[in-house]
Every structure is written in C-alpha cells, then in structure tokens.
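Contents: one structure, followed by commentary.
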Amino acid sequence: MAVSREDVLHIAGLARLGVPEDRVEALVRELNGILGHMEVLQQVESAGAVRSAQDAREAMPLRADAPPGVALERAREDFAPKMRAGFFLVPRLATHDDPAEES
C-alpha cells in the first residue's frame, strides 16, 4: 500500500490542515517510508515473544492493594485559607518576588 499525493491532500482536508505545496511531496515520502517500516515489522516472527511476555507477566508478584497512609481529602482552609471573588489566594513564591514591585 502506498500513499499518493492525492491521499495526503485528502487527509489534510479532512483534518482541516493547510499543507504548503512544497511540503506535500516530502509528506508522501515520509508516510511511504513509515509504511515500508511497518511492512518489515510484519515480517518478523513474534509468536514466541508474545507467549514469553505473557509467561513473565503471569509469574510476576503483585503488591498488596492497600489505601495510602495519607488522607487525600483536605479542607480548603488547609491549603488556601483566603479567597477573593471566588479565587483562591495563595502565598507568592519566593522565586517570583520582584524587589521593584510593592505588594
């Protein structure tokens, strides 16, 4: 299967992408290169590799499924005690302080 110039323009139109004329031929070459690599990968015998990966996964020990030691739910006051107009007011980071700016 090969990608043609018309295929690239059609897909670009469907995706509403503007593709410059000087870029179309490069895209055709790149996409055909990708398809060529995929054809090579399809030739690789991988039936044994899939079975090995499944064996490894089945024998792998799993950790106990336990809740975290820290409560995930906190009151808003714990992390942002002040609010203004519906927005959280949080302390300014020291790395963002501007000595020329007065608060």
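Structure notes:
- Per-region count, region 75-88, residues at pLDDT 75 or above and within 33 Å of the chain's Cα centre (by Cα): 5
- Among (1) assigned to a helix (DSSP H, G or I); (2) modelled with pLDDT under 90; (3) not β-branched (Val, Ile, Thr), the one test that residue 45 misses: (1)
- Selection count, region 4-30, where residues are touching a residue at least 12 places away in the same chain (Cβ under 8 Å) and not in a helix (DSSP H, G or I): 1
The values are calculated or read from the model by the stated rules, or taken from the named source; none is laboratory data. These numbers were taken from a predicted model, which means no experiment stands behind them. All Cβ positions, glycine included, derive from the backbone under ideal geometry; neighbour counts span all protein chains shown.
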